[in-house]
1. So if I take the alpha carbon set of region 7-117, get Rg, then get Rh from the Kirkwood formula, what is the Rg over Rh ratio?
2. By the scheme Lys and Arg +1, Asp and Glu -1, what is the net charge of all other residues having a beta-carbon under 13 Å from that of residue 49?
Amino acid sequence: MYAIMDESGRQFRVQPGDVLAVNRMSGNPGETVMLEDRVLMVRTDDGVTLGAPIVEGAKVELEILEHYRGKKVIAFKMKRRKRCRRKKGHRQELTRVSVKGITVGAECFSAPEAVEPEAVEPEAVEPEAVEPEAVEPEAVEETPAVEEAVAAEEAAVVEDAVTEEPAAEVEETPAAEATEAEPEASEEAPAEDDDEKPAAE
């Protein structure tokens with residue numbers, strides 16, 4: 001259910017348990033204020049009751065929570081080419097109230113009482129042993145520049161190995177041995193002729 005009430009020239013739609021801000025009311029925080037002859041309409045399960053202009057026997061019970069000031073509003077006025085400027089600030093005095101209940105004739109609709117939750121002690125939870133995961137090394141992709149550098153190093157190593165090897169000895173063939181033996185035979189032949197001549201004399 002809900003009701004529409006008038007407060008300081010403003011109309012509010014209120015339900016039991018609502019919290020709203022109205023213009024400054026007389027009273028201290030914690031006090032209860034009963035608004036009579038201010039209810040314009042009431043809606044219940046039985047239907048809607050309209051006032052003419054108020055609903056007879058309807059009341060709204062409010063509890064003052066706090067007094068405070070609203071946000072600052074700047075009022076600036078000027079007249080162009082007249083060197084006229086005027087600036088003012090304003091903060092409205094407000095009161096925050098809570099709707100405790102609405103009474104319509106013999107019926108009273110009140111806000112449900114807030115139930116405080118029971119304090120529950122948190123249970124101690126033992127931390128689970130977590131085994132460290134084996135991290136595999138990431139494969140490094142070789143770029144073309146790296147591949148060229150590796151190939152150049154391998155080629156240099158091969159060249160160094162070739163230069164260090166001793167020159168292979170040339171094997172002598174049988175034909176070369178025969179050519180070397182013929183001059184030796186020609187040189188020995190004249191010596192034999194010299195020996196034979198004295199014998200003929």
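No value in this document is a laboratory result; all are computed from the given coordinates. It should be emphasised that the depicted structure is a prediction, and the values quoted were computed from it without experimental measurement. Cβ atoms come from the backbone with ideal geometry, glycine included; neighbour counts cover every protein chain shown.
1. Numbers: Rg = 19.5 Å, Rh = 16.7 Å.
When Rh is taken as the Kirkwood radius, the ratio is 1.17.
2. The answer is -3.
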